[in-house]
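Asks: Structure in structure tokens, see below.
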Amino acid sequence: MKLVLKISLIGALIFNLWSCSNEAKVEHEALQIVCTTNIVADLVQNIGKDSIDVISLMGAGVDPHLYKASEGDVNRITNADVVFFNGLHLEGKMAEIFERLPSMGKASYAVSDGIPEENYISSENFSGNYDPHIWFSVDNWIYAAEYVSKKLIENDPDSQAYYEENLRSYKNKLEKTRKSIKDQISLLPKDNRILVTAHDAFSYFGKDFDFQVVGLQGISTASEAGTRDVLDMANFIVEKKIPAIFVESSVPKQTILALQSAVQSKGEDVKLGGTLYSDALGNSGTPEGTYIGMFQANVSTIVNALKTNLEDESSDTD
Ligand SMILES: [Zn+2]
């Protein structure tokens, strides 16, 4: 009995494989897409919507610089129709996998390839590579959205009109978000715009919104902050009277706590301004689980924490 069942299952499987490959276009089966970070997955989901099924390998709180693909991840990638990743060496430990994909005939794309090279920020501290935290410029993310739409159309031309409509609607939302963020940040005087975080993820944000950004660790969390870095940074915070420094959701708190202690040991105080989403979105199903919600949450956290010394100073002079 068992053998008969097995043979008939194999028969059904072969028939299914045959019919899928011949009828996929007619049936419009959802493209199976694997993304590395949940930031990239959110972008792809917004363009592909109901025409695709998206899996994100990395969830909330996961550090992409250090992430190593599991055997399950490799299987998911192998079974996907299309793979999207950030690129510019963000996923530093997955480079070998990405290099192998084209020779396997797998459609795989770095969303950073959709952004003009002149928009990249170069960094000597990241082995001469470009800074991979491209999503912290909304302009860049609009380019990335256009690129994702183009690639989805290449892989699923029947749904071209659908992808183009989704792109239009998402670009519109991104443009509105950029405007509201800009308005919110304009409340913060230029002198207050110094952002101290655990690692250098916010250079694009700093460039777009006129912040000086300082990360305790470098571009990648793979490099650790040394004692001297902590002391230098503590001096900088005291000198500039910076009221708050920030923890990141995907980086352990210790380095920022060490920096806070170093400032306190100089007889000064610096607050923890809250947690920023740097290299991962929040949990899915929460506002911070989307790119737009994440960006708005970060900006609210930053503006609320850094405007406090304005209030202190005005009360000092009263
Ligand atoms: Zn990072």
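The values are calculated or read from the model by the stated rules, or taken from the named source; none is laboratory data. Source: prediction; values computed, not measured. All Cβ positions, glycine included, derive from the backbone under ideal geometry; neighbour counts span all protein chains shown.
Asks: Taking residue 77, is it of a type in the set (Val, Ile, Thr), more than 16 Å from the ligand (Cβ to nearest atom), within 24 Å of residue 104 (Cβ to Cβ) and surrounded by fewer than 17 Cβ atoms within 10 Å (Cβ to Cβ)?
Replies: So residue 77 does not fit the description; no.
Asks: Something else now. Quickly run through region 206-219 and pick out the residues that are buried (at least 22 other Cβ atoms within 10 Å of the Cβ), outside any strand (DSSP E or B) and within 12 Å of the ligand (Cβ to nearest atom).
Replies: Result: 219, single match.
Asks: Something else about it: Which residue, of 152, 174, is in contact (Cβ under 8 Å) with a residue 60 or more places away in the chain and more than 17 Å from residue 109 (Cβ to Cβ)?
Replies: None of the others qualify; the one that does is 174.
Asks: Would you point out which residue out of 134, 115, 142, 97 is at pLDDT below 95 and either within 15 Å of the chain's Cα centre (by Cα) or of a type in the set (Val, Ile, Thr) (or both)?
Replies: 97
Asks: Of these, 255, 275, which one is in contact with a Ser or Thr (Cβ under 7 Å, 6 or more places away or on another chain) and either within 26 Å of residue 225 (Cα to Cα) or crowded, with 21+ Cβ neighbours inside 10 Å (or both)?
Replies: Of the residues listed, the single one that is in contact with a Ser or Thr (Cβ under 7 Å, 6 or more places away or on another chain) and either within 26 Å of residue 225 (Cα to Cα) or crowded, with 21+ Cβ neighbours inside 10 Å (or both) is 275.
Asks: Go through region 235-252 residue by residue and tally those that are away from the ligand (no atom under 16 Å from the Cβ) and either surrounded by 22 or more Cβ atoms within 10 Å (Cβ to Cβ) or under 30 Å from residue 38 (Cα atoms) (or both).
Replies: Matching residues across region 235-252 total 4.
Asks: Counting only residues that are part of a loop (DSSP other than H, G, I, E, B) and within 16 Å of residue 208 (Cβ to Cβ), how many does region 119-131 have?
Replies: Summing the residues that are part of a loop (DSSP other than H, G, I, E, B) and within 16 Å of residue 208 (Cβ to Cβ) in region 119-131 gives 3.
Asks: Of the residues 231, 152, which is of a type in the set (A, V, I, L, M), in a helix (DSSP H, G or I), away from the ligand (no atom under 16 Å from the Cβ) and farther than 20 Å from residue 272 by Cβ?
Replies: Selected residue: 152, the only one of 231, 152 that is of a type in the set (A, V, I, L, M), in a helix (DSSP H, G or I), away from the ligand (no atom under 16 Å from the Cβ) and farther than 20 Å from residue 272 by Cβ.
Asks: In this structure, is residue 188 part of a loop (DSSP other than H, G, I, E, B) and at negative phi?
Replies: Considered against the rule, which asks whether it is part of a loop (DSSP other than H, G, I, E, B) and at negative phi, residue 188 comes out as yes.
Asks: While we're looking at this one, here's another question. Whether any residue in region 55-62 is aliphatic (A, V, I, L, M), closer than 23 Å to residue 164 by Cβ, at pLDDT 95 or above and in contact with a Phe, Trp or Tyr (Cβ under 7 Å, 6 or more places away or on another chain) is what I want to check.
Replies: no
Asks: Kindly indicate which of 261, 265, 203 is polar (S, T, N, Q), within 12 Å of the ligand (Cβ to nearest atom) and either farther than 20 Å from residue 134 by Cα or in contact (Cβ under 8 Å) with a residue 24 or more places away in the chain (or both).
Replies: Matching residue, one of 261, 265, 203: 203.
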